[in-house]
Every structure is written in C-alpha cells, then in structure tokens.
Amino acid sequence: MFGIMEATRLESLHVAQDPATGLQAIIALHSTRLGPALGGCRYLTYSDSHSAVADAARLAQSMSYKAALAGLPFGGGKAVILRPAHVPNRGALFEAFGRFIETLNGRYITAVDSGTKSEDMDCIAQYTQHVTSTRTAGDPSPHTAMGVFAGIRASAMARLGSDDLQGLRIAVQGLGQVGYALAEQLAAAGAELLVSDLDPGRALLAVEQLGAQAVQPAELAATPCDIFVPCGLGGVLDQATVAHLHCAVVAGAANNQLASPEVAELLEARGILYAPDYVINSGGLIYVALQHQGAELPAITAHLARIGQRLTDIYAQAQAQNRSPARVAAQQAEALLYPR
Ligand code: NAD
C-alpha cells in the first residue's frame with residue numbers, strides 16, 4: 001500500500017466499511033494543494049483490495065494533473081467502491097458512502113465514474129454537499145466528448161496540417177457515454193468512422209445511425225486509420241498494441257491510456273502523435289468543477305474550448321524541446337503541483 005502511495009505521491013488514503021449496507025470504499029486524495037480533491041467514484045468488481053487501491057491511487061494522480069493543467073482551483077482524488085456480489089439496497093450503500101465523504105470535511109468532492117450514475121450521486125447528496133453530477137447537475141459525459149472533439153481537431157492540425165476532419169478515417173474504440181457522443185460529432189464533421197465496442201449492440205447502433213463501419217474489438221487498434229480514439233477503459237496502449245498501430249494520431253477520452261509512462265516514448269519513436277489523456281479528456285472535469293462553483297453554461301463552454309489550444313501549446317513545446325507531449329504535459333502539471 002505504501003509502495004503505491006509513494007509511487008504516485010499520494011497525499012492520503014481513506015478506507016471505510018459499513019457491514020449493514022455492504023459498503024467497502026477507498027478514497028485516494030492525491031493532492032489538495034490547489035484546492036479540494038475532485039474526482040469520480042468507481043463502482044466496480046476488483047480481484048482484491050490491493051488492485052482497488054492501485055486503481056484509485058493512479059486515477060487520483062491523473063485527476064490532480066488534469067485539474068492543474070485545466071487551470072482549475074481543485075486538487076485530484078478518486079474513490080473506489082468495491083462492488084459486492086449481492087447488493088440488497090444500492091441506495092443505502094451510496095448513502096453510507098455519502099456519510100464517509102462527509103467525514104473528510106470537504107477535502108474530497110465526488111462525481112460519477114465507471115459504474116456509477118447520477119441517481120447514486122443523489123443518494124450521496126442526502127448526506128453531504130461535496131458531490132457533483134447529481135440528476136439536477138447533469139451528466140459530464142457530453143462535455144468530455146466536446147473537449148475530446150476539440151482536442152482531435154487540434155491534434156489533426158498539428159500532425160496532418162489541417163483541422164478539417166472531412167474524409168479522415170477515425171477509429172473510435174468504445175461507444176459508451178463519451179464515445180458515442182463523440183462519434184456523433186465526428187460523423188457530423190464528415191469523418192469516415194470505424195467503431196468497436198465489447199457490446200455489439202452499441203457498434204450496430206453506430207452503423208445504423210452514423211454510417212460507421214463496425215470492426216471486431218480485438219482488431220480495431222491495428223486497423224489502418226488516420227486517428228485512433230480510445231474511449232473504453234485504461235491501459236489500452238502497451239508495447240504490443242503500439243507495435244501494431246497504423247495511425248498518425250492517438251487522441252481519445254479514456255483515462256490512463258498508457259499501460260506505463262514509457263509507452264509515450266514508443267509512440268514517439270513510431271512517429272505517432274499522442275494527446276495526453278488528462279489534457280484531452282478534461283471537459284467533464286471542467287464541467288463539474290465550474291458547475292459546482294456556480295458557473296453558467298457559457299462560461300463553462302468557453303473554458304472547454306481552450307482544450308484545443310492547450311494541446312496545441314503542448315505539441316509546440318514538445319517539438320521545440322524534442323520531448324514527447326506526455327512528458328511535457330507531466331512536467332507542466334508537476335511544476336504547478338510541486339513548485340520549488
Ligand atoms: P462507459 O462505461 O459509458 O463506456 C465505455 C464503453 O467502452 C462501453 O460501451 C464498453 O463496452 C466499451 N469498451 C470497453 N473496453 C473496450 C474495448 N477494449 N474495445 C471496445 N469497446 C470497449 O464509459 P464512458 O463514461 O464513456 O468513459 C469512457 C472512458 O473515458 C473511460 O476510460 C473513462 O474513465 C474516461 N472518461 C470519461 C469521462 C466522462 O465524462 N464520462 C471523463 C473523462 C474520462
């Protein structure tokens with residue numbers, strides 16, 4: 001446990017259980033230096049508590065980097081609830097989680113993430129005000145998709161010389177909340193869409209509604225295209241996958257796309273431009289953070305629109321310094337989080 005805390009420079013780790021509801025939860029606070037730690041709550045099955053801690057810690061770290069680079073007055077945190085085999089009362093379990101959040105006195109603010117939904121946030125909100133993305137506040141996913149779309153255009157400009165997506169072959173992996181909304185925008189921009197999802201029904205929907213071509217999930221990453229867009233789960237870019245990529249750009253919504261930091265250098269060596277995930281997918285965080293502060297939609301949209309320029313600046317700096325964009329982004333975030 002302390003090994004993963006040290007590796008990710010985690011500020012603190014909080015654990016709670018509530019036998020009456022079956023709650024077993026972990027809250028990882030990576031940094032509260034720039035403000036309260038904001039980050040989603042996952043509700044997933046984990047093989048053991050160690051992998052749950054590792055997941056929370058790594059995701060909390062990227063939330064800190066994401067908030068810092070987006071210029072938000074928030075730190076980074078993440079919660080993980082270990083999904084029990086049997087849940088007698090889901091609402092009661094999330095209410096117990098709300099009481100756990102309240103014990104942290106505002107140092108952690110939660111949001112929806114994999115496996116949780118706005119209804120769960122409503123249950124949490126009965127016990128703490130440190131919660132976003134309730135049914136009233138709305139789903140951040142369309143805003144994440146909007147930011148990724150802006151980031152794809154900036155990446156196309158940087159590597160292909162134009163931000164016009166008309167006729168580009170764009171491969172979207174994962175058609176969930178973010179991936180499908182993004183695929184709709186890419187189709188409207190005239191891209192030739194290749195899609196895959198572990199749920200064949202999602203891919204079929206994109207074929208029927210967006211004129212996309214469905215590809216088997218195991219084959220999509222190696223399918224020739226201009227831009228590969230990971231929107232499924234993390235860790236999709238490892239040594240083996242990168243060796244088989246046939247694209248000029250990787251730019252997608254998934255968190256923690258790189259199986260390890262060194263994979264960024266492998267992408268660089270293959271001449272593939274990689275959009276650092278916590279920069280391009282920051283739209284959802286920007287939405288929940290600003291909305292939690294009471295901002296109106298036009299101000300949020302203006303902030304979201306800056307994601308493209310942020311990536312353009314990172315690419316320019318990477319080129320000038322002969323470093324990968326991932327390394328430049330990490331250094332920029334660390335300069336904000338750990339000033340000398
Ligand atoms: P989701 O659970 O709604 O959708 C994920 C989809 O990807 C599912 O349909 C799943 O079947 C599919 N999938 C998973 N692995 C796949 C694979 N190997 N090949 C093909 N399909 C695969 O999740 P989401 O909210 O759309 O988020 C997608 C990613 O973006 C996640 O990594 C998430 O952490 C990240 N993200 C989401 C938000 C947000 O606002 N929702 C914000 C930032 C980052």
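Rounded to two decimals, what is Rg over Rh for segment 141-337 when you use alpha-carbon atoms and the Kirkwood radius? Rg divided by Rh gives 0.95. Taking amide H as placed 1.01 Å from N in the peptide plane, L23 has its amide H under 5 Å from the amide H of D18, each at least 5 places away in sequence or on another chain.
Rounded to whole numbers, the Karplus 3J(HN,Hα) couplings from phi for segment 146-156 are 4, x, 5, 4, 4, x, 5, 5, 5, 5, 4 Hz, using 6.51 cos²θ - 1.76 cosθ + 1.60 with θ = phi - 60°, and x at Gly and Pro.
Using a Debye calculation, one point per C-alpha and no hydration shell, please list log10 I(q)/I(0) for the chain at q = 0.08, 0.11, 0.14, 0.15 Å⁻¹ in order. Log10 of I(q)/I(0), two decimals: -0.36, -0.69, -1.13, -1.28. Mean silhouette area of segment 72-122, derived from the convex hull of its C-alpha atoms and averaged over all directions, reads 4.1 nm².
Note down the relative contact order for the chain as a percent, whole number, built from C-alpha pairs under 8 angstrom at least six residues apart. All intermediate terms of the calculation are to be shown ahead of the outcome.
Values: 729 pairs, mean separation 52.2, N = 340.
Computed value for the chain: 15 percent relative contact order.
Working note: Cα atoms of segment 166-212, range along each principal axis, descending, whole Å: 27, 18, 15. Here the label points at A302 and D48, each 7 Å from Cα along the C-beta direction, are separated by 5.2 nm in the simple model.
A viscosity of 1.567 mPa s and a temperature of 4 °C, combined with the Kirkwood radius over Cα pairs in Stokes-Einstein, give a translational diffusion coefficient for segment 10-166 of 79 µm²/s. For segment 175-189, putting each phi into the Karplus relation 6.51 cos²θ - 1.76 cosθ + 1.60 with θ = phi - 60° gives couplings of 10, x, 4, 7, x, 6, 4, 5, 4, 4, 5, 5, 5, 5, 7 Hz, in residue order, rounded to whole numbers and with x for Gly and Pro. Springs join every pair of Cα atoms under 10 Å in this Gaussian network model of the chain, and among D238, D313, D18 the largest mean-square fluctuation is at D18.
Read-outs: derived from the displayed coordinates by stated rules, not from any lab. This one's a predicted model, so the numbers in the text were calculated from it and none came from an experiment. Positions of Cβ are backbone-derived with ideal geometry, glycine not excepted, and every protein chain shown enters the neighbour counts.
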